[in-house]
Amino acid sequence: MRRALIETRALTNHWAGLKGDHDCLDLRANAYGLGLERSSEVAAELGFAFVVASPSSAKGSALPLAPFSATTLTQWWDSPQTLLRFEADVVSLKRVGAGAPVSYGYEYRTNTDTTLALVSAGFSDGVPRTASPGARMSIRGRDFPVAGRIAMDQCILDIGDAEIELGDAVTIWGSSPTLADWASWSARPTGAVQSHLAPRVVRKWI
């Protein structure tokens, strides 16, 4: 119900483009949400050394640790291609009237008659709770606003009169909305947003 689809070719191409300027990749924070095992294999295939632990400790590292600058970390993740698509599913649909309160604290109320879609991912999965209000997710190529607060295991979208069905895939971030969008909405760096993907989010390399 919660999955991260990792674009192997896009990631390989992006890292290969860094090879001329960097000999070492920073794979701390579980490779920033990608999962260390396959990420380290890709790094090794490209001839990189890589860091898997904090610079304050050499335990678990693949080489003598060197400091990493903010520029290095930005280049590591700043790719023009989509490297990872974070998805969940529509698990419930409910038709409500105008003025209906939504989610904790009732900070969001519907403007008109609309349909609310319950999505099977929340902040315990890595959806930044600080991104609401303002965040959006995509279903069938259309972006919809997150309605109210993001909860621990789920969140709600206001989908209006869109023809959405139970089980439809929801793109939390990917090509649209993007990881950069979520970083902006939550006021956090892209690497920080990505690295908080929870272990229960299934990683699938495609």
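The values are calculated or read from the model by the stated rules, or taken from the named source; none is laboratory data. This structure is a prediction, so every number in the text was calculated from the model and none was measured. Here Cβ is always computed from backbone atoms with ideal geometry, including for glycine, and neighbour counts include all displayed protein chains.
Odds and ends about this structure:
- Looking only at residues of the range 1-35 that are closer than 18 Å to residue 178 by Cβ and among the aliphatic types (A, V, I, L, M), we find that the one that is modelled with the lowest pLDDT is 34.
- Residues that are of a type in the set (S, T, N, Q) and outside any strand (DSSP E or B), drawn from the range 135-160: 154
- Of the residues making up the range 4-35, those that are within 24 Å of residue 87 (Cβ to Cβ), surrounded by fewer than 16 Cβ atoms within 10 Å (Cβ to Cβ) and not β-branched (Val, Ile, Thr) are 9, 13.
- Subset of the range 100-110 [modelled with pLDDT under 95 and in a loop (DSSP other than H, G, I, E, B)]: 103, 107
- Being modelled with pLDDT under 90 and of a type in the set (A, V, I, L, M, F, W, C) is a description that does not apply to residue 42.
- Residue within the range 160-176 that is surrounded by 19 or more Cβ atoms within 10 Å (Cβ to Cβ), under 14 Å from the mean Cα position of the chain (by Cα) and free of Cβ contacts under 8 Å to residues at least 24 places away in the same chain present: no
- Selection from the range 96-132 of residues that are touching a residue at least 24 places away in the same chain (Cβ under 8 Å), on the phi > 0 side of the Ramachandran plot and out of contact with any Leu (no Cβ under 8 Å at 6 or more places or on another chain): 103, 105, 106
- Among the residues making up the range 28-51, those that are closer than 17 Å to residue 193 by Cα and assigned to a helix (DSSP H, G or I) are 28, 29, 30, 31, 32, 36.
- Subset of the range 179-200 [surrounded by fewer than 20 Cβ atoms within 10 Å (Cβ to Cβ), within 19 Å of residue 38 (Cβ to Cβ) and of a type in the set (A, V, I, L, M)]: 198
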